[in-house]
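To start, the structure under review is shown below, and the notes come after it.
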Amino acid sequence: MAELTASEKPGRRGTRNRQVPRIDLTAMVDLAFLLITFFIMATSLAKPKAMALAMPVKENHPDAVPESRTMTICIGNNNHAVWYMGMIENPLIPPTLVDFSKTGLRAALVNTNKKVLQASGKPLIVVLKPSAHSVYSDFVAALDELNITNIQSYAVANITPKDIDMLKQQKAF
């Protein structure tokens, strides 16, 4: 039992000695531990926020995706990315250097998706290719832009030597 005790105060001659009241702290200690236990059990820990990323299965699909619906984004260095439509050998839209702002990659995604929807009636497919000189935060920024612009079909692929040459030409490697 936890208690707080004090000695008697000596009085003057002719006066009574007063006894200091005794305070029992047992109930307060029990209550403190009960409250700590309650808050630990009742509090939910912060849940991690993660974006779902579906990786494709390595199978050959008979349905080929047309070049007119495929946009490739190569992530370079210094918060820059280069995007193009179609194949790198003969792009439908030439490689364009952008950053990860509203007027950069987001505007390119929105405008290109509108054009593809009008032309084919089907949504845009995006291929992300991070380079060896890109940083993880740029990759996450590109995924965020895909999520913000509501692009449902995207894939992450290894960057090719032709893409690296294109990044070097755009001074983003």
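See the values below:
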{"quantity": "Filtered residues of region 79-111 (kept if of a type in the set (G, A, S) and in a strand (DSSP E or B))", "calculated": "A81, G86"}
{"quantity": "Test: residue in region 112-119 that is under 24 Å from A50 (Cα atoms), of a type in the set (S, T, N, Q), crowded, with 17+ Cβ neighbours inside 10 Å and out of contact with any Asp or Glu (no Cβ under 7 Å at 6 or more places or on another chain)", "calculated": "no"}
{"quantity": "Residue satisfying all of: in region 95-111; touching a residue at least 40 places away in the same chain (Cβ under 8 Å), in contact with a strand residue (DSSP E or B) (Cβ under 6 Å, 6 or more places away or on another chain) and hydrophobic (A, V, I, L, M, F, W, C); nearest to H80 (Cα to Cα) among these", "calculated": "L97"}
{"quantity": "Region 155-173, subset in a loop (DSSP other than H, G, I, E, B) and surrounded by 20 or more Cβ atoms within 10 Å (Cβ to Cβ), residue modelled with the lowest pLDDT", "calculated": "F173"}
{"quantity": "Filter result (in a helix (DSSP H, G or I) and either in contact (Cβ under 8 Å) with a residue 40 or more places away in the chain or not basic (K, R) (or both)) within region 112-131", "calculated": "T112, N113, V116, L117, Q118, A119, S120"}
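Yes or no, residue by residue, for (1) surrounded by 10 or more Cβ atoms within 10 Å (Cβ to Cβ); (2) assigned to a helix (DSSP H, G or I); (3) modelled with pLDDT of 75 or more:
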residue: P21; (1), (2), (3): no, no, yes
residue: L34; (1), (2), (3): yes, yes, yes
residue: T37; (1), (2), (3): yes, yes, yes
residue: I40; (1), (2), (3): no, yes, yes
residue: M51; (1), (2), (3): no, no, no
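The values are calculated or read from the model by the stated rules, or taken from the named source; none is laboratory data. All values derive from a computational prediction rather than experimental measurement. All Cβ positions, glycine included, derive from the backbone under ideal geometry; neighbour counts span all protein chains shown.
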